[in-house]
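First comes the structure, then the notes that go with it.
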Amino acid sequence: MMENIEVICEQLVTSFNQEHDDPLAIVIDIDMYAEEVNEYGSILDKEVYLKELLKQLQEHHDIVGKIGWDLPEVLLKFYVPKNIDVRKSLHSSDIIITVMKCFNEIALAGNPKECLLTGCELLSKLSILEFKKIEDKAKGTNNDDKGGSNDTTSRENLVTVTEDGEYLFHRTQTDFFFGLYLHVIFELIVTTLRRISTLYPSKYLGMATAAIMKCVRNNIDYMDDCNLILRRIYTFCRGYLPAEIPRDLLESEKISNDDLKRISEKELDTQGKLLQVFSTFGIDICLRNFNTKIDVKFFYDLARKAMVISQYENNVYELISRYYQLAQAFDINLEDELLKFIKDSRKIYSSLPKDSEITSDEARVLISQAVYKLSYTYSLQKITKQTKFTLDQQGIFILSGFHYFETCKHLLPELDIKDAIYMYLRVTTPTLYADVYRNNSSENIARYWLWVSIINSSIEKARSNLKELPSYVFSVFFEVLLTRNLAEHNEETRLSSFTLLTRLLCLAPEDVAFDVIMQVLEEKRNLPAKSCVLGIMKDLTTRTRQCFDDFEKEECSIANKMKEMNIEDKSTTSLMRPYLVLDDHKMNAIHKISLNYIVNFNLSEYNESALLLMLNFIKFFNAVNEQWDNKLLIEVQEKIDAKFNEKRNYNDKGEVKLILEANKKLGDYLK
Amino acid sequence: MSKFYELAPSDKKGEPYSFSQLEGKVILIVNVASKCGFTPQYKELEELYQKHKDEGLVILGFPCNQFGHQEPGSDEEIAQFCTLNYGVTFPIMKKIEVNGNSVDPVYEFLKSQRAGILGFRGIKWNFEKFLVDRKGEVYERYSSLTKPASIEGDIEKLLKQ
């Protein structure tokens with residue numbers, strides 16, 4: 001049973017009035033009453049108690065000065081689901097508003113240094129998982145009590161469809177309370193930072209930014225809406241005002257004005273650098289799970305199609321745009337920074353040996369493995385050697401790509417394809433060793449730069465630049481891009497990346513392109529990857545391009561002469577040639593792999609991917625049948641026919657039916 | 001002679017507006033936007049202009065769409081907006097960029113002369129202000145938060161010089 005709320009309030013007032021000299025006693029009283037009211041009181045009781053506490057805080061600034069730092073934790077305990085209906089607006093809850101006002105009093109009248117420390121501590125240990133646990137627990141209780149029918153905060157109930165058919169995602173209980181905590185703690189930090197009278201404000205700014213960074217790192221992977229924190233960091237950076245030199249120091253004779261000026265200038269510089277680092281960090285970490293789709297936008301722009309952007313994405317873009325503007329306001333020269341990023345990336349990979357310098361297959365395997373790890377090692381070394389403030393590299397990289405979204409122009413219109421590949425490897429490979437390096441947005445921007453490098457330079461130039469890249473580096477790069485694309489959930493991104501993969505192979509030296517395809521087909525790896533490269537190979541062998549170098553031209557010319565003499569070589573006619581010319585060696589290699597797959601195909605253990613790969617093999621052969629050796633095709637056709645006609649009962653599966661149809665088409669051609 | 005007078009940005013019609021015609025004047029330069037929280041500052045700017053234009057005050061508004069895309073209209077639309085909503089009579093120039101690679105020479109000059117908060121040169125938001133004295137020297141730079149009326153003291157001081 002709880003004491004009457006009026007009695008509790010009277011006792012609170014007495015405590016403030018009579019225990020002036022014993023602040024600790026007042027804190028204990030506030031804490032004790034708060035706990036009792038919060039546990040046993042009605043919503044109205046809680047409102048009454050908090051309003052009385054607010055009144056006392058407003059009337060006793062001297063006491064707030066002594067105990068303010070100790071109150072936030074007590075007050076935050078009122079921000080729990082049982083006290084607040086998340087479906088209603090913030091202003092409709094007196095508890096929300098009164099706690100905010102109490103925080104404001106503390107921020108304005110509390111000891112600023114102590115209150116800042118409290119704010120930083122609260123932020124450092126803030127965990128969205130704790131809110132999730134509460135939400136899950138509440139759902140469990142609801143389900144027990146009401147069969148879950150009244151659970152209005154579940155994710156399903158937080159989605160509505162507008163008249164235009166757009167899905168609107170409302171805040172979840174977890175996001176709501178996490179956002180509320182963030183708001184009051186950030187406000188406390190921002191206000192107290194402004195009040196601290198010091199000659200060294202960078203020390204406190206550094207403390208605040210470190211706490212925020214820790215909070216974001218701890219929580220970003222569990223947040224549904226990155227806007228929550230993205231907006232907070234932006235507002236913090238944009239609104240930060242440096243503290244002026246304390247008046248007492250200006251009047252003091254202990255320190256000269258020249259020294260004060262020197263220290264102050266150095267401090268301004270340090271604070272500026274801190275904000276530059278912090279704002280670029282914000283864009284990096286907050287967008288780590290977000291698909292900026294800049295590569296897709298560029299791909300769509302090339303196709304003159306408009307990219308569909310959801311309301312949520314639009315909100316994030318708006319905020320990235322603010323960060324982009326902030327970078328400029330903070331004198332960050334994105335072009336210079338991108339050039340540094342390119343130079344750094346080049347440095348990571350440029351010392352790798354040329355193909356001709358690798359003497360054995362074993363050495364090649366080892367050096368390929370090293371390519372995967374180089375960027376990760378480089379990052380670690382950079383951290384250990386770091387002695388100066390450096391901008392967040394991933395944040396800068398993201399902004400370099402966002403420049404296109406903002407201005408429809410490329411920050412660097414001309415980019416060597418090798419550099420684009422180095423940047424891609426640099427951004428993506430460290431993820432294989434530490435999840436902390438994973439960043440969807442950076443990966444996105446890396447793909448965007450790949451697009452820019454191949455679209456904005458001539459085909460001859462891109463091909464010649466690619467020739468300079470060691471083949472094993474290209475192979476690792478292709479492998480990473482392919483694997484990442486197969487794991488991609490977004491269909492638009494998958495489509496644009498698939499096109500990118502094809503274009504890259506079109507530009508790569510023919511033997512390198514064929515080798516990477518064979519590598520995928522030969523390795524025991526996931527079947528969708530094999531299907532994917534078969535699709536690409538089909539394009540490479542059926543689409544034609546102009547001959548580039550003298551050797552190719554001569555080859556085409558000979559083919560034309562042979563054609564005139566009725567000795568036609570099916571693979572090369574006129575000055576156009578396929579991106580991948582099928583010679584006997586290539587045909588035999590592919591034939592061997594396909595036959596191996598068909599023979600070992602176990603119908604009783606098949607799955608959809610396995611059937612799709614079979615179908616893709618037949619589709620490939622149908623597409624290239626005119627260039628292929630008929631004897632080899634007959635062998636393939638007969639083996640498939642035998643394999644699938646053995647068990648006709650598999651006809652009920654769509655894929656089997658398609659395989660039989662495609663194989664029949666191949667059979668008809670061979671007849 | 002100050003380099004300021006060598007500048008010649010484009011007016012709203014795209015014609016060169018030579019700053020040499022501003023010699024001996026006190027000039028307040030503002031990057032403006034029509035859809036900004038600070039847009040009502042137009043009213044105070046116009047009041048300042050009306051009060052001191054005969055003493056030699058010139059106010060120049062440079063529309064800029066770089067901050068929150070809050071100035072999306074054409075030069076004509078912007079000028080119309082200023083006249084209709086705030087009765088602006090001081091010159092509104094052609095839309096420019098104040099930050100980045102395509103920064104207008106006027107802002108390149110102004111920013112080089114006076115840094116903002118924390119020593120940053122970049123413009124932070126709409127309605128930042130630069131006050132230029134009668135000799136073409138940048139006297140002061142004010143943030144968006146500084147209301148035009150609170151600059152009046154500085155303007156009067158420069159007008160008296």
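Separation between the A:Y433 and A:E73 pseudo-spin-labels, each 7 Å from Cα along Cα→Cβ, expressed in nm?
Here the answer is 4.0 nm between the modelled labels.
Subtract the Cα-Cα distance of A:N314 and A:R195 from 0.36 nm times their separation in residues, and report this length gain in nm to one decimal.
Result for the pair: 39.2 nm of gain on full extension.
Roughly how many debye, to the nearest 20, is the charge dipole of the stretch B:26-159 about its Cα centre, given +1 on each Lys and Arg Cβ, -1 on each Asp and Glu Cβ, and no other charges?
Charge dipole, the stretch B:26-159, about its Cα centre: 320 debye, nearest 20.
With a Förster radius of 51 Å, plug the Cβ-Cβ distance of B:K160 and A:K139 into 1/(1 + (r/R0)^6) and report the FRET value to the nearest 0.05.
0.10
Using protein chains only (no ligands, no nucleic acids) and a 1.4 Å probe, work out which residues of the stretch A:292-334 have their accessible area cut by at least 20 Å² relative to the chain alone.
Buried by the other chains: A:E318, A:R322, A:Q325, A:Q328, A:A329, A:F330, A:D331.
Would you please name the GluC sites (Glu not before Pro) within the stretch A:230-319 that are DSSP coil residues with at most 13 other C-beta atoms within 10 Å of their C-beta? Provide the component values of the computation, followed by the final result.
Values: sites: A:E244, A:E251, A:E253, A:E265, A:E267, A:E313, A:E318; in loops: A:E244, A:E253.
Sparse-neighbourhood loop GluC sites (Glu not before Pro): A:E244, A:E253.
Among A:N465, A:Y317, B:P91, flag the residue with its Cα farthest along the positive direction of the charge dipole of the protein assembly as shown, charges on Cβ as +1 for Lys/Arg and -1 for Asp/Glu.
Of the candidates, A:N465 comes out farthest on the positive side.
Where the accessible area of the stretch B:26-159 is counted over protein heavy atoms with a 1.4 Å probe, how much of it, in %, is carbon and sulfur? Walk me through the numbers on the way to the answer.
Numbers: 2550 of 5250 Å².
Its accessible area is 49 percent carbon and sulfur atoms.
What distance in nm separates the two pseudo spin-label positions at A:R346 and A:K385, each 7 Å out from Cα along the beta-carbon direction?
1.8 nm
Residue separation times 0.36 nm, minus the C-alpha to C-alpha distance between A:R543 and A:R87: what's the value?
Numbers: separation 456, 0.36 × 456 = 164.16 nm, distance 5.71 nm.
Contour length minus the Cα-Cα distance gives 158.5 nm.
So what is the 222 nm mean residue ellipticity for chain A from helices alone, if each DSSP H run of at least 4 adds -39500 (n - 2.57) and you divide by all residues, rounding to the nearest 500 deg cm²/dmol?
Numbers: 30 runs with 465 residues, N = 671.
Estimated from H runs of four or more residues: -23000 deg cm²/dmol.
Amide H neighbours of B:Y139 under 5 Å, counting only residues 5+ apart in sequence or on other chains, H built in-plane at 1.01 Å?
Here the answer is B:L131, B:V132, B:D133, since their amide H atoms fall under 5 Å of that of B:Y139.
Any chance you could give the angle, 0 to 90 degrees and rounded to 10, that helix A:417-428 forms with the longest Cα principal axis of chain A?
For helix A:417-428, the angle is close to 50 degrees.
Once label points are set 7 Å from the Cα along Cα→Cβ at both A:A363 and A:S124, what is their separation, rounded to one decimal in nm?
Distance between label points: 5.1 nm.
For the Cα atoms of chain A, what angle does the longest principal axis make with the long axis of helix A:173-195, in degrees from 0 to 90, nearest 10?
For helix A:173-195, the angle is close to 60 degrees.
Once R0 is set to 60 Å, what does the formula 1/(1 + (r/R0)^6) return for the Cβ-Cβ distance between A:E468 and A:I255, expressed as a FRET efficiency to the nearest 0.05?
Working: r = 60 Å, r/R0 = 0.99.
It comes out at approximately 0.50.
Would you list, by chain and number, the aspartates and glutamates whose Cα falls below 15 Å from the Cα of A:K373, excluding same-chain residues fewer than 8 positions away?
Partners found: A:D435, A:E479.
Out of all DSSP beta bridges with both ends in the protein assembly as shown, state the antiparallel percent to the nearest 5.
Working: 17 of 25 bridges.
Taking every DSSP beta bridge with both residues in the protein assembly as shown, the antiparallel ones total about 70 percent.
Work out which chymotrypsin sites (Phe, Trp or Tyr not before Pro) in chain A are exposed loop sites (DSSP not H, G, I, E or B, at most 16 other Cβ within 10 Å) and give the longest gap free of them. Before the final figure, lay out each step's value.
Working: sites that count: A:F389, A:Y433, A:F548, A:Y606.
Result, exposed sites excluded: A:1-388.
Taking only protein heavy atoms and a 1.4 Å probe, what accessible area per residue, in Å², does the protein assembly as shown have with all protein chains in place? Walk me through the numbers on the way to the answer.
On the way: 39630 Å² over 832 residues.
I get 48 Å² per residue for this part.
Quick one: grab the alpha carbon gyration tensor of the stretch B:26-159, order the square roots of its eigenvalues as a ≥ b ≥ c, and give me rounded if a/c is under 1.5, else prolate or oblate depending on whether a/b is larger than b/c. Working shown, then result.
Working: a/c = 1.60, a/b = 1.05, b/c = 1.52.
Judged from the Cα gyration tensor, the stretch B:26-159 comes out oblate (a/c at least 1.5, b/c at or above a/b).
Long-range amide H contacts for A:N439: which residues qualify at under 5 Å (H placed 1.01 Å from N, peptide plane, sequence gap of 5 or more or a different chain)?
Residues meeting the amide H criterion: none.
Calculate one ³J(HN,Hα) per residue across the stretch A:388-398 by plugging θ = phi - 60° into the Karplus curve 6.51 cos²θ - 1.76 cosθ + 1.60, and present them in order as whole Hz with x for glycine and proline.
Using θ = phi - 60°, the values come out as 10, 5, 10, 5, 5, 5, 5, x, 4, 4, 4 Hz.
How many percent of the accessible area of the stretch A:211-307 is carbon or sulfur, using a 1.4 Å probe?
Taking all protein chains in place, the stretch A:211-307 shows 46 percent carbon and sulfur surface.
Give me the percent of the accessible area of the stretch A:338-453 that comes from carbon and sulfur atoms, probe 1.4 Å, all protein chains in place. If you can, show how the numbers build up before the last one.
Numbers: 3000 of 5340 Å².
Taking all protein chains in place, the stretch A:338-453 shows 56 percent carbon and sulfur surface.
May I ask you to derive the FRET efficiency for B:S143 and A:E265 from their Cβ-Cβ distance with R0 = 25 Å, giving the value to the nearest 0.05? Mind dumping the intermediate values first?
Values: r = 19 Å, r/R0 = 0.77.
Approximately 0.80, to the nearest 0.05.
So what J values fall out for the stretch A:623-629 if you push phi through Karplus, 6.51 cos²θ - 1.76 cosθ + 1.60 with θ = phi - 60°, rounded to Hz, Gly and Pro as x?
Computed from phi, the couplings for the stretch A:623-629 are 6, 10, 3, 6, 8, 9, 6 Hz.
Convex hull volume of the Cα atoms in the protein assembly as shown, per residue, in Å³? Each step should come with its number before you reach the end.
Details: hull volume 209.7 nm³, N = 832.
Residue-normalised Cα hull volume stands at 252 Å³.
A:E10 to A:Q519: extension gain in nm, 0.36 nm per residue of separation minus the Cα-Cα distance?
175.2 nm
May I ask for the accessible area buried between chains A and B, both sides summed, probe 1.4 Å, to the nearest 100 Å²?
Values: alone 33280 and 7980 Å², together 39630 Å².
The summed interface area works out to 1600 Å².
Residue by residue through the stretch B:60-72, which ³J(HN,Hα) values in whole Hz follow from phi under the Karplus form 6.51 cos²θ - 1.76 cosθ + 1.60 (θ = phi - 60°), with glycine and proline marked x?
After applying 6.51 cos²θ - 1.76 cosθ + 1.60, I find 10, x, 10, x, 8, 9, 7, 10, x, 6, 9, 9, x Hz.
Taking H as built 1.01 Å from N, whose amide H comes closer than 5 Å to the amide H of B:V32, not counting residues under 5 places away?
Result for B:V32 returns B:F62, B:C64, B:F127.
Going through the cross-link list A:K261/A:K388; A:K538/A:K643; B:K35/B:K157; A:K125/A:K261; A:K88/A:K293; A:K132/A:K203, which pairs have a Cα-Cα distance over 30 Å in this structure?
Values: A:K261/A:K388 23 Å; A:K538/A:K643 24 Å; B:K35/B:K157 32 Å; A:K125/A:K261 37 Å; A:K88/A:K293 34 Å; A:K132/A:K203 34 Å.
Pairs exceeding 30 Å: B:K35/B:K157; A:K125/A:K261; A:K88/A:K293; A:K132/A:K203.
Dipole size in debye (nearest 20) for the protein assembly as shown around its Cα centre, Lys and Arg Cβ +1, Asp and Glu Cβ -1? Could you put the intermediate results ahead of the total?
On the way: 104 positive and 125 negative charges, 434 e Å.
For this selection, approximately 2080 debye.
The values are calculated or read from the model by the stated rules, or taken from the named source; none is laboratory data. Nothing here was measured: the structure is a model prediction, and the numbers come from that model. Counting neighbours? That spans all protein chains shown, and the Cβs are built from the backbone with ideal geometry, glycine included. The area values use the complete protein model at the heavy-atom level, side chains included, leaving out ligands, DNA and RNA. Shrake-Rupley method; radii C 1.70, N 1.55, O 1.52, S 1.80 Å.
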